[in-house]
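Down below is the structure, laid out as C-alpha cells.
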Amino acid sequence: MNLPQLFDLSFIGRRDQPALEFHGKVFTFGDIDERSNRVANLLLARGFTAGDRLCVYLPNCLEIIDLYLACVKLGVVFVPINILYREREITHILNDAEPKAVVASGETPPGYEVWRREDLAASVPSSRPPVTLDGDTPAALVYTSGTTGVSKGAILTHNNFLANAVSLLTCWQITAQDRLLLPLPLFHVHGLGNGLHCWLAAGFHMRLLERFEHQTAAAQFLDFQPTLFFGVPAMYVRLLGTPEAEAREIGNRMRLFVSGSAPLPAQVLEEFRARFGHTILERYGMTETMMNLSNPYIGERRPGTVGMPLPGVSIRLSNGDSGEVLLKGPNLFAGYWRREQATRDAFSDGWFRTGDLAVRGADGYYTLQGRKSDLIISGGFNIYPREIEEFLMEQPEVAEAAVVGVPDRVRGEIPVAYFVPRGACDEAALAARCREKLASFKAPKQFVKVEALPRTALGKVQKHLLPPPEQ
Ligand code: MLC
Ligand code: AMP
C-alpha cells in the first residue's frame, strides 16, 4: 500500500467534513485532497517525476501540507528544512539533496529554482494524477545531524510512515472522533510522522498552529477543545504556567497528552498530573526510525520510562539488559541519502544502532539513560556540539572551542560555549555572529573564556572538567 491509498480509506464518506483549521479557516477532507491534486499536477507540468526531490523551507502552513501530499501522490521526495536554519545549514541540505526546486518563504542560497507560496495557486486540474507507487517508494528525506556534525538525509518510505501511523492509531486508540491541536513543526518527524499522518490516517479534525507560543497555548486549548495533543517536554513545562481553573477545564475535555523527542522529567509529569488531571504518555522515537517504544495507553504510564516496544518493533540492548538500543522493524528508514558508508556504519548485523543507552526493567519497561554521543537536545531540537565548535573555530577571535549542554528548566538543555580567545575578543560581536549564522536554538546562550581546554594526554577535550558556567 502507498500513503494516498491509506489516506483514501479514511476520506471515504468524510469528504465534506472539517479536516483542518489553520489561521481561522476550515478545510474539508475533499478540499485537502483536491488542493494537493492541483499541486501534484503543477509539479508534473514543471517536469517533476518520481524520485526527484523538492525542498520545502516553510513554517507550518496550508501549503506545506499541499506540497507533502502532492509529493506522495507522485513519488517525488519531500525534503523539509527547519525554518530556523540559516544560510550555512540550508546550503548544506540543498547541495546534498540536489532538489529540482525549492519552495521557500525566506531567503535561500542562490543556484536553485525558488518558488513562493503564491506560485502554487496556478490554475490546473484538480483530478488525481494516475501514478502507481509501491510502499517502498521514498516519501521524505529528513535531515538529521550525525556525530560528524554534518547532517545526513534519512530516507523515509511510504511503508515507514504507514507502519508508524497504523501503530499509533492502534496503540493510542486514535479515532475519527478525536480532535488534535498541533503546534509541532512539520519539518521534523514528530509533527510530520505522528501529527500529520495520524490526522490523515484517522480522519479526525485538526487545528494546525504556525508554531507553539506559550503565551497563547492555553487559549488555543480552550478555544479548539482538542482531545489529543502531541508535544515536546518544553511545551509541557510551559503549560504548567496555566491557571488552575483553565488547566482543569482543558483536562476535562482532553483524552490523551503524549510527550517525546527529549526526556520528560518525572517532576514535570507529576506536576502536570496535579494541574491537568492527566498522566502524560511518554514515548521514544528518532528521525531514522520514527516511533519505537511507548508507555501503554491502558496500564501504567511510568514516569521516567519510555515503556515498551510498539507493534513490529524488535529491540536488543548491547549488553543484555542494558547498553545501546538496537532496533529492527517496519519503521526503520531505508538508509542515509547518498551515504553508503554512513548507512553501513549505522547497522550492526541488520540491527540499527540508535546511539541511545537504556536499561530494561524486569517487567519490560525501558528507561533511557543518555546517549553515547554528546548530543544536546534543547526544546526538542537536536544540537551536535561539534557543528557549533567547528563554526566557532572558523571565527578569527577563537583559538579553541568546546560546546556543552547545561540544564535548563524550560528547554531541558541549552548550549554553552567555552573558548580560548585569540588576542583581544569582542564577545558581544561573536555572540551576534552566532545568532546571525546559526539556527537560534544552536547559538550558545553563554560564552565562557578559558585559558586552555582541559585535554587528555592524547589531546582529547575532557568536557566534564570544564568549570560550570555562572548562573
Ligand atoms: C522555536 N522558535 C521558533 C519556532 N520554534 N521560531 C519560529 N518558528 C518556530 N516553529 C524560536 C523562537 O524564535 C525563540 O528564539 C526560541 O525558538 C524559543 O522560543 P520561545 O518562545 O521561548 O519558545 P519556548 O517556550 O522555549 O518553546 C520552544 C518550542 C520549540 C518548544 C516551541 O523548541 C519547538 O517547537 N520545539 C519542537 C521541536 C521538535 O519538533 N522536535 C522534534 C524532533 S523529531 P530565540 O532567538 O529567542 O532563542 C524527534 C524524534 C522524536 O526528536 O522522538 O520525536
Ligand atoms: P532526532 O535525531 O531529532 O530524531 O532525535 C532523536 C533523539 O531524541 C533520540 O535518539 C533520543 O536521544 C531523543 N529522544 C526522543 N524521544 C525521547 C524520550 N522520550 N526521552 C529521551 N530522549 C528522547
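Using bins 10 angstrom wide from zero, how does P(r) for the range 399-471 break down, in % of all Cα pairs?
P(r) for the range 399-471, in whole percents per bin: 17, 49, 30, 3.
Give, as ranges by residue number, the residues of the range 175-197 whose backbone N falls under 13 Å from the point 7 Å along Cα→Cβ of SER105.
Residues 185-187 fall inside that zone.
Per residue of the range 100-111, in order, report the coupling 6.51 cos²θ - 1.76 cosθ + 1.60 (Karplus, θ = phi - 60°) as ³J(HN,Hα) in whole Hz, putting x for Gly and Pro.
6, 7, 10, 9, 9, 9, x, 6, 10, x, x, x
Which residues' amide hydrogens lie under 5 Å from the amide hydrogen of ALA101, considering only partners 5 or more residues apart or on another chain, with H built in the peptide plane?
CYS55
With r defined as the distance between the Cβ atoms of ASP408 and SER123 and R0 fixed at 41 Å, what FRET efficiency is calculated, to the nearest 0.05? Walk me through the numbers on the way to the answer.
Working: r = 49 Å, r/R0 = 1.21.
FRET efficiency, ASP408 to SER123: 0.25.
Karplus couplings for the range 347-352 from phi (6.51 cos²θ - 1.76 cosθ + 1.60, θ = phi - 60°), rounded to Hz, Gly and Pro as x?
Computed from phi, the couplings for the range 347-352 are 10, 9, 6, x, 9, 7 Hz.
Could you tell me what percent of the accessible area of the range 376-465 is made up of carbon and sulfur, with a 1.4 Å probe and every protein chain present? List each step's numbers first, then the result.
Numbers: 2350 of 4440 Å².
Percent of accessible area from carbon and sulfur atoms in the range 376-465: 53.
With each pseudo-label sitting 7 Å past Cα toward Cβ, what's the GLU271-ARG248 distance in nm, one decimal?
2.0 nm
At a Förster radius of 60 Å, what calculated FRET efficiency corresponds to the Cβ-Cβ distance of ARG14 and SER373, to the nearest 0.05? Let's see the in-between values first.
Working: r = 44 Å, r/R0 = 0.74.
After rounding to 0.05, the efficiency reads 0.85.
Taking square-rooted eigenvalues a ≥ b ≥ c of the alpha carbon gyration tensor, is the range 370-431 rounded, prolate or oblate, where a/c under 1.5 means rounded and, failing that, a/b exceeding b/c means prolate?
Here the range 370-431 falls in the prolate category.
With a probe of 1.4 Å, find how much accessible area the range 376-465 has per residue, and write the answer as a whole number in Å². Walk me through the numbers before you get to the answer.
Working: 4440 Å² over 90 residues.
Ligands and nucleic acids excluded, the figure is 49 Å² per residue.
Give me the extension gain from GLN177 to THR91: residue separation times 0.36 nm, minus the current Cα-Cα distance, reported in nm with one decimal.
Values: separation 86, 0.36 × 86 = 30.96 nm, distance 4.24 nm.
Here the answer is 26.7 nm.
Regarding the range 276-435, what are the three Cα extents along the principal axes, ordered largest first, in Å?
59, 46, 26
Taking only the alpha-carbon positions of the range 56-190 and ignoring solvent, what does the Debye formula give for the base-10 log of I(q)/I(0) at q = 0.10, 0.21 Å⁻¹?
-0.38, -1.46
Please give the charge dipole size of the chain, origin at the Cα centre, charges +1 on K and R Cβ atoms and -1 on D and E Cβ atoms. Round to the nearest 20 debye.
Numbers: 49 positive and 52 negative charges, 84 e Å.
Computed about the Cα centre, the dipole is about 400 debye.
Multiply the residue gap between ASP345 and THR216 by 0.36 nm, knock off their C-alpha separation, and tell me the result in nm, one decimal place. All intermediate terms of the calculation are to be shown ahead of the outcome.
On the way: separation 129, 0.36 × 129 = 46.44 nm, distance 4.42 nm.
Contour length minus the Cα-Cα distance gives 42.0 nm.
Residue separation times 0.36 nm, minus the C-alpha to C-alpha distance between LYS463 and VAL26: what's the value? Present the calculation step by step, with values, prior to reporting the outcome.
Details: separation 437, 0.36 × 437 = 157.32 nm, distance 5.10 nm.
Length difference between fully extended and current span is 152.2 nm.
Given a Förster distance of 22 Å, report the FRET efficiency between ASP136 and GLU98 from their Cβ-Cβ distance, rounded to the nearest 0.05.
Working: r = 21 Å, r/R0 = 0.97.
Efficiency, from the Cβ-Cβ distance: 0.55.
Under 5 Å between amide H atoms, partner at least 5 residues away or on a different chain: which partners does GLY285 have, H built in plane at 1.01 Å?
Answer set, sorted by chain and number: SER261, ASN292.
Hey, can you find the accessible area per residue of the range 93-251 for me, probe 1.4 Å, expressed in square angstrom?
Values: 5910 Å² over 159 residues.
Per residue, the range 93-251 has an accessible area of 37 Å².
What percent of all Cα-Cα pairs in the chain falls in each 10 Å bin, counting up from 0?
Here the calculated profile for the chain is 4, 19, 30, 28, 15, 4, 0, 0.
If the label point is 7 Å along Cα→Cβ of LEU84, which residues in the range 173-191 have backbone nitrogen under 11 Å from it?
Output list for this probe position: 185.
So who's got an amide H within less than 5 Å of the one on ARG179, skipping anything under 5 residues away but keeping other chains? H placed 1.01 Å off N, in plane.
Distant-sequence amide H within range of ARG179: THR227, LEU228.
From the phi of every residue in the range 408-419, what ³J(HN,Hα) in whole Hz does the Karplus formula 6.51 cos²θ - 1.76 cosθ + 1.60 yield, where θ is phi - 60° and glycine or proline is x?
9, 4, 8, 8, x, 9, 9, x, 10, 9, 9, 8
The values are calculated or read from the model by the stated rules, or taken from the named source; none is laboratory data. Given the structure is predicted, the values throughout are model-derived calculations rather than measurements. Because the Cβ atoms are built from the backbone with ideal geometry, glycine has one as well, and the counts that use them run over all protein chains shown. Surface areas here come from the heavy atoms of the whole protein model, side chains and all, with no ligands, DNA or RNA. Shrake-Rupley method; radii C 1.70, N 1.55, O 1.52, S 1.80 Å.
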